[in-house]
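Encoded as structure tokens, the structure appears first; notes follow it.
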Amino acid sequence: MLSGILIFNQKGENLIFRAFRSDCRPRLADIFRIQVISNPQVRSPILTLGSTTFSHVKHENIYLVAVTKSNANAALVFEFLYRLIMLGKSYFGKFDEEAVKNNFVLIYELLDEILDFGYPQNTDPDTLKMYITTEGVKSAIANSPTDSSRITQQATGALSWRRSDIKYRKNEAFVDVIEDVNLLMSATGTVLRADVNGQIVMRAYLTGTPECKFGLNDRLLLDTGETSSNMNNPGGGNGLGTSKTTRAAAGSVTLEDCQFHQCVKLGRFDADRIISFVPPDGEFELMRYRATENVNLPFKVHPIVREIGTTKVEYSVAIKANYSSKLFATNVVIRIPTPLNTAKTTERTSQGRAKYEPEQNNIVWKIARFSGQSEYVLNAEATLTSMTHQKAWSRPPLSLSFSLLMFTSSGLLVRYLKVFEKGNYSSVKWVRYMTRAGSYEIRF
Amino acid sequence: MAMNKIRGAFAVPRKGETFELRAGLVSQYAYERKESIQKTIMAMTLGKDVSALFPDVLKNIATSDLEQKKLVYLYLMNYAKSHPDLCILAVNTFVQDSEDPNPLVRALAIRTMGCIRVDKIVDYMEEPLRKTLRDESPYVRKTAAICVAKLFDLNPTMAIENGFLEMLQEMIGDPNPMVVANSVTALQEIHSTAPETKALQITGNTLRKMLMALNECTEWGRVTVLSTLAEYKTSDVKESEHICERVAPQFQHVNAGVVLAAVKAVFLHMKNVSPELSKTYLKKMAPPLVTLVSSAPEVQYVALRNIDLLLQKEPDILNKELRVFFCKYNDPQYVKFQKLEIMVRIANDRNVDQLLAELKEYALEVDMDFVRRAVRAIGQVAIKIESASERCVNTLLDLINTKVNYVVQEAIVVIKDIFRKYPGYEGIIPTLCQCIDELDEPNARAAIIWIVGEYAEKISNAGDILGGFVDGFNEEFSSTQLQILTSVVKLFLKRPEKAQGLVQRVLQAATSENDNPDVRDRAYIYWRLLSNTSDSNATKNIVLSDKPPIVTTIHSLPPALLDQLLSELSTLSSVYHKPPEQFVGHGRFGADAVMRAAIEEQIQNARENPLAAAAATAGGTAAPAQGQNNVENLLDIDFDGGAPASAQTEPSAGMSGLEGLAGTPVRVASPAAGTTGQASNNLDDLLGVFGDSGASQPSPSGGSADLMNGFSGLDLSGNAGPSQNNQSKKSNDDILSLF
């Protein structure tokens, strides 16, 4: 499998070099530096030289490289590298050159634990944090035999993601439904592509080993007519009665595909579409899903862009909020591309602030608070310098970013979350919905 | 050790980093020692040689501080080879640790022991390994399981004689899922390095155990189990059905590795189940595959390459998913290219309008490479879907009207292919002819010349157009020259009165002033044909004969290779679309064997006609990659790792032995890539004689241009090792002079 893991900074300095097999020679670091980091033409993330394959991922200002000498599983290699990034973020907050330099001992320790002879082992951050810790104090736990045998039980067990002795005075579970809505609109205003990538993040503070069941307004499930009685039983707790704020409350949603955290019993979902699981303690991503039908687009954008001769471009961009007037979006940012040879711009807006950012070749229009059903307009003009090589402007699409609470583009709703535990305690559950812009692009 | 101390006292100055580290390592204070160990590891990472500190670091091995122990072990793993004798001092600690009450310590000891590749240590491994394999803690057992694979790598006979393989096989029945997964992993590794051991034999019983573990073990374990399941040959239909049924839920896993491994397992076992059932599985497979397209770009790339393979086998699985593959503006280039190919594959008469609009949009972007591919894709769609051909041609005409140079050129090449499939688009020829002056690439020029020759009877000024090309005949690229020859002859046969002089001029230029053998040969053939007076129709029958229409311009893999690649889904091989033998050495650690094979191959090449050997490299597009191959082999010459760490500082120690090797250019492109390229080349060659140069394949003398490209690639890659660079340059010159 993997022969080694290397981490480089942008200059090509080798920050971490961990060989797992004897065929990973120190010299490979130089080869990677020469062939990839200092070679601007390399575009593929996979490069095979001779019988050595380098698979790399760039994150912040570091390169993470996996070296393999065999016909390795490429998907696994990249998933592993991304998992390493995730682990780094979870340990150090930010996983960049500085973090690597400051924590290299810990990183070696982590690598030793999550890879053995090049085969990935347990990479669950919560479990790892029990016996590989940043503070010297905590690691004392791992030194006492009784504790560590418990830890190792858990690290390898069927419920490797949860300790058995968790106790909370107040049992709570928070569910966040976060949707990234992707849009690609053509210059003529037709929707070329609109879909939603959603994720459901849960923070569980529950005692013992609770068995949870989770219900959505999933069309496939509702169509089977299985549990209509659950409609009015949101599982107790006051946070779940918020369905009226989302638009498709009455309807159901077709989920194209779902992916689950490893705690979810996939067999049960496959058989009768019931999401049943024993949650890890604390925050985790319960599921991801994709929806492509009946996507509610929160914003409609009408850009009119005219190139006047070779010296001027006129913009008139109208944006309308398409959601209920009770809601409001925050941090709405519209990026309007300008030609590369823009000398200066003038902007007028009916709301918010617009600024020209020369390094990005964008006019950035920011609206901090955008209430539902309102419409704002920007008029701008970009003056161009004349160039000897008049190259056509590629007109990159206009892009949007925003976040909008209590709204789901797909219309997805959490119908219930039930917690079953031996202790039979009551628990409080909260649900929050949010829609963000994924890649929200409008051509003009 | 005493020697070392004495040498240390005399040779090493009493200052500097090494001295400070050493002082810290033997300090009486624990925290100072730990800090020094950390600094030593830091220096090690930066590539400094700190192997001289070996004895001092080793003194710190017996500690109760787990973190410090790990650091010492890390150091030990790196430098054990440089001090094999001293390693023996560590053995005691390892053996003791492997009986420590703390399972973390036991696992750490056995894990590290397997990584110290020194014979002496291996001798002491037997007992601890046997004990830990039967340890009460699953954490220790799963670590020991992998250690068996490490031992097998170091000393196969010892692993077999002590019965460790049998112990592993028993461990597939372990109650702990992770132990099962690691045992399978270890057995799989042993099995693939040494198939004769028959380490991994799946029976009905082990199959059941693995399916049980599948739902419980970590995601990485699942990948192993799933790929083992995929390779398993089922005995009856029932078993295949059972495997598919149990594996299919894994499509919903969040890890792309698991999803692809599950797809692979189901796809391979699906062949045995009833067609209806396999259809439902194909349907189930589609959404997870599409979801992979929204993952991180690198994972996306792997997924897209695999989807490409799946589509070649099952063209209909993603019929309705065209929009998902639309390129985002910020997608990396490698993702965009792959998406384009997939879009063309799933195009059908229902989604073609959408696709064309999208492709047209791409063709107006600025990234030249991407634009060209988009234009090419339009042509592929036109040839694939007959009903859409008219719309495609109109789109292409729109693009030609943009007058963007590279768009026009690519569009002309594409339109030529469309002419080869569909009659009835002659009306657009005048538009095409207007752009003749803007064309400067050989491909595009050849394409327009072919069009003029093919429709010479309908183009009134065909003579003038071709006359212009004949005037500059000797400045053209050879692929264009071939096309000029053919087209002039066609014109002459169709309208002899117009081209009498022209044909003589061009034949003269091609035979007496040209030094390309391909061009000369073709000219001579035409000359003979034309001077044949006995049957005046013979020439016409040959040159103007009806050509079979082309079927497709979409690249697809030969079926045998495709099947092989489908059994390699999600591996590197599936990303490269090449069988693993082409880029992996035989035997996982047989780097020496690879070198030996390479040397033999080189000698073989040298013995044969050197020109032939060089030409063969041009056959496959892999030529530049193969060039890099050698560079790396040279750099990586001491793969066996026998040299002590201190020797590595000498620059390119192993270079001298191999310089002779680089004299022969590059390894012959392997047969699989060669045959496909070659076959179509030959076909083009034939067609070429009959007045037709290949669609998208390089014509024969285009091959020589390829060859040069190949060498320029070699040149570039050569800058890694200066002496090698010179060598390859020299061989370049040799070959060029041969022409």
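State yes or no: is B:Asn306 over 16 Å from A:Tyr82 (Cα atoms) and surrounded by fewer than 24 Cβ atoms within 10 Å (Cβ to Cβ)? Give the derivation first.
Details: over 16 Å from A:Tyr82 (Cα atoms): yes; surrounded by fewer than 24 Cβ atoms within 10 Å (Cβ to Cβ): no.
Judged against the criteria, B:Asn306 is not a match.
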Taking the stretch A:33-47 only, how many residues are facing chain B (nearest Cβ under 7 Å), surrounded by fewer than 21 Cβ atoms within 10 Å (Cβ to Cβ) and not in a helix (DSSP H, G or I)?
2
Selection from the stretch A:185-215 of residues closer than 27 Å to A:Val301 by Cβ and either surrounded by fewer than 17 Cβ atoms within 10 Å (Cβ to Cβ) or in contact with a helix residue (DSSP H, G or I) (Cβ under 8 Å, 6 or more places away or on another chain) (or both) yields A:Ser186, A:Ala187, A:Thr188, A:Gly189, A:Thr190, A:Val191, A:Leu192, A:Arg193, A:Asp195, A:Gln199
B:Leu277 vs (1) part of a helix (DSSP H, G or I); (2) buried (at least 24 other Cβ atoms within 10 Å of the Cβ); (3) among the hydrophobic types (A, V, I, L, M, F, W, C): all pass except (2)
Scan of the stretch B:102-121 for residues that are in a helix (DSSP H, G or I), more than 9 Å from chain A (Cβ to nearest Cβ) and either closer than 26 Å to B:Asp85 by Cβ or under 36 Å from the mean Cα position of the chain (by Cα) (or both), ordered by number:
B:Ala109, B:Ile110, B:Met113, B:Asp119, B:Lys120, B:Ile121
I'd like to know if the stretch B:89-101 contains one or more residues that are surrounded by fewer than 22 Cβ atoms within 10 Å (Cβ to Cβ), under 19 Å from B:Gln68 (Cβ atoms) and either of a type in the set (D, E, K, R) or within 14 Å of chain A (Cβ to nearest Cβ) (or both).
yes
Which condition number does B:Met270 fail, the rest of (1) surrounded by 19 or more Cβ atoms within 10 Å (Cβ to Cβ); (2) within 14 Å of chain A (Cβ to nearest Cβ); (3) free of Cβ contacts under 8 Å to residues at least 60 places away in the same chain being met?
(2)
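Go through the stretch B:136-154 and give me each residue that's outside any helix (DSSP H, G or I) and either surrounded by fewer than 18 Cβ atoms within 10 Å (Cβ to Cβ) or at pLDDT 90 or above (or both).
Filtering the stretch B:136-154 for residues outside any helix (DSSP H, G or I) gives B:136-137.
B:Glu136, the sole residue that qualifies.
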Cβ pairs under 9 Å, 6+ apart or interchain, first in the stretch B:503-520 and under 19 Å from B:Asp464 (Cβ atoms) and part of a helix (DSSP H, G or I), second open to solvent by 90 Å² or more (accessible area, probe 1.4 Å) and of a type in the set (Asp, Glu), ordered by first then second residue, are B:Arg505/B:Asp471
All conditions in (1) open to solvent by less than 30 Å² (accessible area, probe 1.4 Å); (2) on the phi > 0 side of the Ramachandran plot; (3) more than 11 Å from chain B (Cβ to nearest Cβ) are true of A:Gly50 except (3)
So, in the stretch B:188-218, exactly how many residues are open to solvent by less than 60 Å² (accessible area, probe 1.4 Å), away from every other protein chain (no Cβ under 12 Å) and in a helix (DSSP H, G or I)?
6
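It is to be established whether one or more residues within the stretch A:422-430 are surrounded by fewer than 23 Cβ atoms within 10 Å (Cβ to Cβ) and under 22 Å from the mean Cα position of the chain (by Cα). It would help to see each step written out before you state the result.
Let us first name the residues in the stretch A:422-430 that are surrounded by fewer than 23 Cβ atoms within 10 Å (Cβ to Cβ), namely A:422-428, A:430.
So of that shortlist, the ones also under 22 Å from the mean Cα position of the chain (by Cα) come out as A:430.
Yes, the stretch A:422-430 contains a residue that is surrounded by fewer than 23 Cβ atoms within 10 Å (Cβ to Cβ) and under 22 Å from the mean Cα position of the chain (by Cα).
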With (1) open to solvent by less than 10 Å² (accessible area, probe 1.4 Å); (2) of a type outside the set (Gly, Ala, Ser); (3) farther than 14 Å from B:Ala159 by Cβ as the list, and B:Lys120 as the residue in question, which single condition is left unmet?
(1)
How many residues of the stretch A:55-75 are touching a residue at least 24 places away in the same chain (Cβ under 8 Å) and open to solvent by less than 10 Å² (accessible area, probe 1.4 Å)? The answer is 10
In the stretch B:533-560, anything open to solvent by less than 30 Å² (accessible area, probe 1.4 Å), of a type outside the set (Val, Ile, Thr) and within 34 Å of the chain's Cα centre (by Cα) is listed as B:Leu557
In the stretch A:296-309, anything of a type outside the set (A, V, I, L, M) and surrounded by fewer than 14 Cβ atoms within 10 Å (Cβ to Cβ) is listed as A:Arg306, A:Gly309
Taking the condition of being in a helix (DSSP H, G or I) and modelled with pLDDT under 85, how many residues in the stretch A:106-135 meet it?
7
Within the stretch A:364-413, tally of residues that are open to solvent by 50 Å² or more (accessible area, probe 1.4 Å) and not in a strand (DSSP E or B):
10
Just one of the numbered conditions (1) more than 9 Å from chain B (Cβ to nearest Cβ); (2) under 28 Å from B:Val118 (Cβ atoms) is not true of A:Ala19; which one?
(1)
Screening B:Ile418, B:Ile385, B:Ile436, B:Ile400 for residues that are farther than 30 Å from A:Ser44 by Cβ and touching an Asp or Glu at 6+ places or on another chain (Cβ under 6 Å) leaves only B:Ile385
Residues (under 21 Å from B:Val366 (Cβ atoms) and either away from chain A (no Cβ under 12 Å) or hydroxyl-bearing (Ser, Thr, Tyr) (or both)) located in the stretch B:314-338
B:Tyr329, B:Tyr334
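The values are calculated or read from the model by the stated rules, or taken from the named source; none is laboratory data. Note that the coordinates shown come from a computational prediction; the quantities given were computed from them, not determined experimentally. Neighbour counts run over all protein chains shown; Cβ positions are idealised from the backbone, glycine included. These area figures cover heavy atoms from the full protein model, side chains too; ligands, DNA and RNA do not enter into them. Shrake-Rupley method; radii C 1.70, N 1.55, O 1.52, S 1.80 Å.
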